[in-house]
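Asks: I am attaching a structure below and will ask some questions about it afterwards.
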Amino acid sequence: MKTLGVKLAALVTAATLVTPAATRAEEFINILTGGTSGVYYPLGVGLSKIYADNIPGARTQVQSTKASVENLNLLQQGKGELALALGDSVKLAWEGDADAGFKQPLSKLRGIAAVYPNYIQIVASKESGISSLDGLKGKSLSVGAAKSGTELNARKIFEAAGMSYDDLGKTEYLPFAESVELIKNRQLDATLQSAGLGVASIKDLSASIDIQLVSVPEAVISALGAPYIAATIPAGTYQGQDADVPTVAVVNFLVTHEDVSEETAYQMTKLLFENLGELEAAHKAAAQIKLENALTGMPIPLHPGAERFYKEAGLM
């Protein structure tokens with residue numbers, strides 16, 4: 001009888017030791033990105049693999065969306081754990097700018113890191129004859145999905161240039177890939193895309209037809225102000241582009257929400273910076289992600305998990 005009691009005690013002890021691991025809830029990380037032909041999506045796929053490989057019990061998913069504005073609204077609703085979004089969209093979401101697509105302040109948003117800049121890339125077919133912003137007047141232009149981060153960028157640039165969509169012959173609100181297909185089929189003159197350099201959609205277009213990248217004048221850049229910064233699309237970024245093209249850029253951020261656990265947010269931040277090489281293999285835009293710039297221009301409060309990492313890294 002005594003022996004049986006000892007055995008039962010041992011079994012109870014063993015069960016106590018293994019039960020937490022055996023019954024621990026599976027960690028689910030849904031990463032909100034953008035269209036599959038943009039930069040957000042391949043970076044999301046890269047992050048998904050990094051987290052699945054390095055966070056015990058993590059189950060990851062990559063969701064294609066309309067990008068910044070949709071991503072931030074989904075985070076507020078708890079329908080994702082991590083998202084990529086443009087800095088100006090994040091700022092407007094925190095403030096609750098209804099015109100930008102945020103009916104109320106998105107108070108649950110929390111910052112993870114500033115990542116790489118989005119370059120505003122205005123591309124026209126060569127045969128359209130468009131060579132300047134002013135040359136877009138009377139022409140057809142796709143400005144991205146309605147109230148997307150790209151479309152918000154388009155509105156701001158037109159405003160700074162003293163123009164509006166009314167100056168265009170036709171305004172289309174289409175994702176990157178669809179815009180490119182219409183240009184190829186001579187149903188659209190130009191597209192404005194806010195993305196990392198070497199975005200797949202414009203690469204595809206430049207490989208199919210002769211293109212013209214349209215510069216953003218210095219006066220427009222000055223009128224835009226923060227969070228926009230002067231930038232250059234280097235010669236050779238796209239096929240047939242033989243000169244540097246001045247434009248503007250706005251920084252992207254990785255964002256989460258307050259209900260994500262401190263440990264998960266800590267791991268997401270830490271693993272991001274420990275695996276930049278792997279992320280660059282997913283898309284070369286990741287080459288511009290630097291730890292020293294991670295807190296630059298952060299428009300919302302940091303998640304406590306991210307804050308813990310930055311303190312360890314000596315940035316705070």
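Asks: Restricting to bridges with both residues inside the chain, how much of the DSSP beta-bridge set is antiparallel, in percent to the nearest 5?
Replies: About 65 percent, rounded to the nearest 5.
Asks: If you add up the charges near GLY169, with Lys and Arg at +1 and Asp and Glu at -1, over every other residue whose beta carbon is less than 13 angstrom from its beta carbon, what do you get?
Replies: -1
Asks: Where Lys and Arg each count +1 and Asp and Glu each count -1, what net charge lies around VAL250 among other residues with Cβ under 11 Å from its Cβ?
Replies: Numbers: positive: LYS91, LYS156; negative: ASP88.
Counting the neighbours of VAL250, the net charge comes to +1.
Asks: Membrane-span-like helices in the chain: DSSP H runs reaching 20 Å or more (Cα, own axis), mean Kyte hydropathy at least 0.5? The partial results should precede the final answer.
Replies: Values: long enough: 2-23 (31 Å, 1.15); 40-54 (21 Å, 0.01).
What comes out of the filter, once short or polar helices are dropped, is 2-23.
Asks: Then there's this: Which entry in (i) 0.97; (ii) 1.10; (iii) 0.94 matches Rg/Rh (Cα atoms, Kirkwood Rh) derived from the coordinates of this structure?
Replies: Checking each listed value against the structure points to (ii).
Asks: Based solely on its DSSP helices, what 222 nm [θ] is calculated for the chain when runs of n ≥ 4 H residues each add -39,500 (n - 2.57) and the sum is averaged over all residues, nearest 500 deg cm²/dmol?
Replies: It comes out at -11500 deg cm²/dmol, rounded to the nearest 500.
Asks: Quick check: pseudo-label points 7 Å beyond the Cα along Cα→Cβ at ASP210 and ALA223, how many nm apart are they?
Replies: About 3.1 nm separates the two model spin labels.
Asks: Can you give me the Kirkwood hydrodynamic radius for region 233-295, using every pair of distinct Cα atoms, in Å to one decimal?
Replies: Over region 233-295, the inverse of the mean reciprocal pair distance is 14.4 Å.
Asks: Further question on the same structure: Using packing as a proxy for protection, rank 132-145, 34-47 so that the peptide with the highest average count of other Cβ atoms within 10 Å comes first.
Replies: By packing density, highest mean first, the sequence is 34-47, 132-145.
Asks: Let me ask you something else. DSSP loop trypsin sites (Lys or Arg not before Pro) in region 148-206 with at most 15 other Cβ atoms within 10 Å of their Cβ, which ones?
Replies: Those that pass, being in a loop and sparsely packed, are ARG186.
We did not get these values from a lab; they are worked out from the coordinates using the rules stated. The shown structure was predicted, so the numbers you read here are calculated from the model rather than taken from an experiment. Here the Cβ is made from the backbone with ideal geometry for all residues, glycine too, and neighbour counts use every protein chain on show.
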